[in-house]
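The values are calculated or read from the model by the stated rules, or taken from the named source; none is laboratory data. In this text, all values refer to a predicted model and were calculated from it rather than measured experimentally. Ideal geometry is used to build each Cβ from the backbone, glycine not excepted, and the neighbour counts take in all protein chains shown.
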Amino acid sequence: MWSVVLMGLAGLLVGGGVSFHQQKKPVWVSISFYVLAAMSLLAAYLLTLPGK
């Protein structure tokens, strides 16, 4: 369940990064959104791994 929520959050963050890029905002803003999206996808993946 949480992995699906985190994947949705990653999609929103990527959309925000693209939007800020199109608005000619500073590059670091878009990059930070992309990094947060990647972290969200990584967390979603780690939640799918079987625990001990």
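With the structure loaded, tell me whether S32 is assigned to a helix (DSSP H, G or I), crowded, with 17+ Cβ neighbours inside 10 Å and polar (S, T, N, Q) or whether it fails that test.
Against the criterion (assigned to a helix (DSSP H, G or I), crowded, with 17+ Cβ neighbours inside 10 Å and polar (S, T, N, Q)), S32 does not qualify.
Test each condition in (1) under 15 Å from the mean Cα position of the chain (by Cα); (2) in contact (Cβ under 8 Å) with a residue 12 or more places away in the chain for L42 and report the one that comes out false.
For L42, the exception is condition (2).
Would you call G17 more than 8 Å from the chain's Cα centre (by Cα), assigned to a helix (DSSP H, G or I) and at pLDDT 95 or above?
Spelling it out, G17 is indeed more than 8 Å from the chain's Cα centre (by Cα), assigned to a helix (DSSP H, G or I) and at pLDDT 95 or above.
Name the pairs: first residue in region 14-39 and closer than 24 Å to S3 by Cα, second residue at pLDDT 95 or above and of a type in the set (S, T, Y), Cβ to Cβ under 7 Å, at least 6 apart or on different chains?
The qualifying pairs are V14/Y34; G17/S30; G17/Y34.
Only one of (1) at pLDDT 95 or above; (2) out of contact with any Leu (no Cβ under 7 Å at 6 or more places or on another chain); (3) of a type in the set (S, T, N, Q) is not met by T48, so which one is it?
Just one mismatch for T48, condition (1).
Please go through region 35-52 and give me each residue that is within 20 Å of L9 (Cα to Cα) and not in a helix (DSSP H, G or I), ordered by number.
L49 - this is the single residue of region 35-52 that is within 20 Å of L9 (Cα to Cα) and not in a helix (DSSP H, G or I).
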